[in-house]
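Data first, discussion second: the structure below is written as structure tokens.
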Amino acid sequence: MSDAPRFFDELAAPGGEPRPPYEGYCAWFDGEDITRLRRKAADAERFFRRTGITFNVYGAEEADERLIPFDIVPRIISGREWARLTRGIEQRVRAINAFLYDIYHRQEIVRAGRIPERLIARNEAFLPQMIGLAPPGNVYTHIVGVDLVRTGEDEFYVLEDNARTPSGVSYMLENRETMLQMFPELFSHIRVQPVQDYPTRLARSLAACAPTGCSGRPVIAVLTPGIHNSAYFEHSFLADHAGADLVEGTDLRVVDGRLAMRTTRGYTAIDVLYRRVDDAFLDPLNFRPDSVLGVPGILDVYRSGGITLANAPGTGIADDKAIYSYMPDIVEFYTGEKALLPNVPTWRCSEPEALKYVLDNLSDLVVKEVHGSGGYGMLVGPAASKRELAAFRAKLEARPANYIAQPTLALSTVPVLTRAGLAPRHVDLRPFVLVSPKGIDITPGGLTRVALKKGSLVVNSSQGGGTKDTWVLEE
Amino acid sequence: MLGKTAGGLLWMFRYLERSENTTRLIEAGFRIALTRPATSDDEWASVLDASGARAAHGQRHATTTQANAIDFLLRDPANPSSVLACIEGARNNARLVRTALSREVWEATNECWMEARRLLARPVRERDLPEVLAAIRQQSALVRGALHGTMLRNDIFNFARIGTFAERADNTARILDVKYYVLLPSISQIGSPLDNVQWENILRSVGGLRSFRWLHGAEITPLGIAQFLILDGRMPRSLAFCTAKIAANMGYLEKEYGARHPSHALVEALLGRLSAASTEAIFEAGLHEFILDFLSDVAGLAAQIETDYRFYG
């Protein structure tokens, strides 16, 4: 394999023998018939179709519901590796919450000169409406999905902190469910840490963040933009499994100073709203006036402490790609410790020297929009044509502050099942983190996204990526 | 429960019921066409009428043929009440109310939709028609089975059932309305061979031929049919049966919520009128008028339920 030395193979050590976490799986795999496994893979697809685990694709005319391809070879992480990762993630998430509190209060970090003021004040993700407002329990990011990439035995980097409305957790759960159905024998041999209680943990964590005035069992609802949203399946899945109501803006109204949903028996107040709607659409009175997805006046209820919004409005400032490059400073500033998980080196194109470097090395770099997500509007230099490079160069020169650049990372590989047998493909990992005043809760595993095209480094589902079940082994 | 969810459940089961009834209408029309080819084009016109699709079909096709009627009723995108469109409507509503459904009900609905899309991907050949219709009906029976076998008997179940019976009552009444003239006693008390075919066909359209014979033997009469389809509380597609079911499900809602609404009074009044009615009196006052009144009462009831339980904002 030509690219073997460049990329870390999570399954096979350089000698070809399986690395320790994969030993059990490989022993099982060697006794399996490849045709049977291929048939199982087809079964899995049918299972996903029948269950309706689909996502809607923007701009695709026909077949508007698609499956995210699922690969049946699990991605396996040892208990030791995981323990190390969780320490780093926990540290980072604590820092993010402290940062958000600070940014919307005294802005000590700006005063200390660790972050330029313009990055905050002129950032679209910064919400002046949140200044001076303390969310219940001082939790800003109730749910975080930290994107990690691996480049070596002990080398993990944080690629992105998804602190707004990270998606994908339903795939983590359904992938495990599918594996349990298809390969029960594997789970009786190999001790894998469970993920299935995530919805219960989510409900518990959200309940712990209820407003102080809430007595009794908090009423939790999930706010979705509706059945045409690409992540609708996930919204309904989470509401269903967490015992929450699934609401849209049209079901909600402010009644007597509380956010309430229209039920068959009248309006019922909600205590915690897990909203899967962007800040800008949340409240037409306070943000975008043309939004039909939100609720007029919801922010006023929030301000008076009548409801918990998860995540809090304005958390986007923490996962903004321009802020990202300051994360090591942010972690150190609020925790007093060095960041356990390193950042990917990042050039801020707003800085003239960095821009020059980026323009000179465009074909080696990955360039991202500061406010973009989901792989849209992104340039992968090594994979781009001359024409794409030229077009992107023009965009960069026109609005440099709109972009950051990073080296093309040597993402680790995990095998997928192909026609010809196992073949390595690049992966990343999104663990899911729950935050409440009671603590930080990280579900062992997460969503492994895999670039199914040979050699491709883009794992986004919108760009042809697939997913795998992610196993964290019991120690 | 959210008002929107109640509405979604009701419509999910309305659509499912409608798709099933349309397959029955097609089956009955097809059968008449096979046994009485000469009258078949008229027959298709009345089938289109009964499913409320005649006007839309007229805009699409200058003449009515068996092939274009069947295709229109089954799968033509120009027909918002085609079997495929109804199943899609049921499935879209199921997605909307996913959190109120058991996994089995959802999966059965989703499979019903996938199967219907596969079977109706292109025009159905004449020789495949009976099998395709049966397969589609079987899929919706699986949804109903999952509903009965896996759902709590709470408000969710009641709204689903109200949707089913409101639609069924409407459909049976429409079939009677389209066919009322063949039931008029003035034509003949003892049926000619043509009458017999027509009468049989009405029963077939509601899947009730076999049960009619159990109750009344081989002798089919207009009065017997009217009695059976309007007033017989044992016949699961009769107006009386459907109305009683709606009343019962609304009674459960009243009990569960501890709240009585204007719709309760409406359904009770309707049920009262049906129990007091006799076929003789109905024929005397006019079958057609009776059915028109019934259709408008059911529509009014559905609208009142929508308001009382806050389906929309």
Strands (runs of 3 or more DSSP E) wholly in the stretch A:225-296 with at least 2 residues that are touching a Ser or Thr at 6+ places or on another chain (Cβ under 9 Å) - which ones? A:245-247, A:258-263, A:272-275
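What about B:Glu43, is it closer than 19 Å to B:Leu209 by Cα, open to solvent by 30 Å² or more (accessible area, probe 1.4 Å) and in a helix (DSSP H, G or I)? Before the answer, list the steps.
On the way: closer than 19 Å to B:Leu209 by Cα: yes; open to solvent by 30 Å² or more (accessible area, probe 1.4 Å): no; in a helix (DSSP H, G or I): yes.
No: the conditions fail for B:Glu43.
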Check the stretch B:3-13 and report whether any residue there is β-branched (Val, Ile, Thr), open to solvent by less than 40 Å² (accessible area, probe 1.4 Å) and at pLDDT 95 or above. yes
If you go through the stretch A:139-173 one residue at a time, how many are open to solvent by 10 Å² or more (accessible area, probe 1.4 Å), of a type in the set (Val, Ile, Thr) and either part of a strand (DSSP E or B) or within 22 Å of A:Ser78 (Cβ to Cβ) (or both)? 1
Residue pairs, Cβ under 9 Å, 6 or more apart or interchain, first in the stretch A:400-415 and over 14 Å from A:Arg348 (Cβ atoms) and in the same structural domain as A:Ala451 (by TED's automatic domain parsing), second surrounded by 23 or more Cβ atoms within 10 Å (Cβ to Cβ) and among the polar types (S, T, N, Q). List them. A:Val414/A:Thr448
If only one of B:Glu115, B:Glu131, B:Glu126 is out of contact with any strand residue (DSSP E or B) (no Cβ under 6 Å at 6 or more places or on another chain), under 22 Å from A:Phe48 (Cα atoms) and charged (D, E, K, R), which one is it? B:Glu115
Options B:Met235, B:Met250; residue that is out of contact with any His (no Cβ under 9 Å at 6 or more places or on another chain), at negative phi and not polar (S, T, N, Q): B:Met235
Need the failing condition index for A:Gly445 against (1) at negative phi; (2) of a type outside the set (A, V, I, L, M); (3) in contact with a Leu (Cβ under 9 Å, 6 or more places away or on another chain), just the number. (1)
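Here are some residues: B:Val97, B:Val124, B:Val182, B:Val178. Which one is β-branched (Val, Ile, Thr), closer than 26 Å to B:Ile202 by Cα and modelled with pLDDT of 95 or more? Walk me through how you get there before you give the answer.
On the way: B:Val97 fails: closer than 26 Å to B:Ile202 by Cα; B:Val182 fails: modelled with pLDDT of 95 or more; B:Val178 fails: modelled with pLDDT of 95 or more.
Within the list B:Val97, B:Val124, B:Val182, B:Val178, the selection yields B:Val124.
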Which listed residue, of A:Leu309, A:Leu282, A:Leu365, A:Leu293, is under 29 Å from A:Ser230 (Cβ atoms) and either outside the structural domain of A:Leu223 (by TED's automatic domain parsing) or basic (Lys, Arg) (or both): A:Leu365
Could you name every one of the helices (runs of 4 or more DSSP H) located completely within the stretch B:212-309 that has at least 2 residues being in contact (Cβ under 8 Å) with a residue 60 or more places away in the chain and of a type in the set (A, V, I, L, M)? B:222-226, B:239-257, B:287-308
Can you tell me which residue within the stretch A:408-432, out of those that are part of a strand (DSSP E or B) and polar (S, T, N, Q), is nearest to A:Gly381 (Cα to Cα)? A:Thr413
Please verify whether the stretch B:139-146 includes one or more residues that are touching a residue at least 60 places away in the same chain (Cβ under 8 Å) and within 14 Å of another protein chain (Cβ to nearest Cβ). yes
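Okay, residues lined up against (1) crowded, with 17+ Cβ neighbours inside 10 Å; (2) over 13 Å from the mean Cα position of the chain (by Cα); (3) among the small types (Gly, Ala, Ser); (4) outside the structural domain of A:Arg80 (by TED's automatic domain parsing):
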{"site": "A:Pro424", "(1), (2), (3), (4)": "yes, yes, no, no"}
{"site": "A:Val427", "(1), (2), (3), (4)": "yes, yes, no, no"}
{"site": "A:Pro437", "(1), (2), (3), (4)": "no, yes, no, no"}
{"site": "A:Ser456", "(1), (2), (3), (4)": "yes, yes, yes, no"}
{"site": "A:Val459", "(1), (2), (3), (4)": "yes, no, no, no"}
{"site": "A:Gly465", "(1), (2), (3), (4)": "yes, yes, yes, no"}
Being exposed (fewer than 14 other Cβ atoms within 10 Å of the Cβ) and either touching a residue at least 12 places away in the same chain (Cβ under 8 Å) or small (Gly, Ala, Ser) (or both) is the filter here, so list the residues in the stretch A:337-351 that pass it. A:Glu337, A:Pro345
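Quick one: would you say A:Thr151 is closer than 29 Å to A:Gly466 by Cα and more than 16 Å from the chain's Cα centre (by Cα)?
Values: closer than 29 Å to A:Gly466 by Cα: yes; more than 16 Å from the chain's Cα centre (by Cα): yes.
So A:Thr151 fits the description; yes.
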In the stretch A:198-224, anything open to solvent by 30 Å² or more (accessible area, probe 1.4 Å) and either outside any loop (DSSP other than H, G, I, E, B) or without any contact (Cβ under 8 Å) to a residue 40 or more places away in the chain (or both) is listed as A:Thr200, A:Arg201, A:Arg204, A:Ala207, A:Ser215, A:Gly216, A:Arg217
Return the residues of the stretch B:52-104 that are open to solvent by 30 Å² or more (accessible area, probe 1.4 Å), more than 14 Å from chain A (Cβ to nearest Cβ) and of a type in the set (Asp, Glu); say none if nothing qualifies. B:Asp71
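The values are calculated or read from the model by the stated rules, or taken from the named source; none is laboratory data. These numbers were taken from a predicted model, which means no experiment stands behind them. Cβ sites come from the backbone with ideal geometry, for glycine too, and all protein chains shown count toward neighbours. Accessible surface is based on the protein model in full, side chains and every heavy atom, while ligands, DNA and RNA are left aside. Shrake-Rupley method; radii C 1.70, N 1.55, O 1.52, S 1.80 Å.
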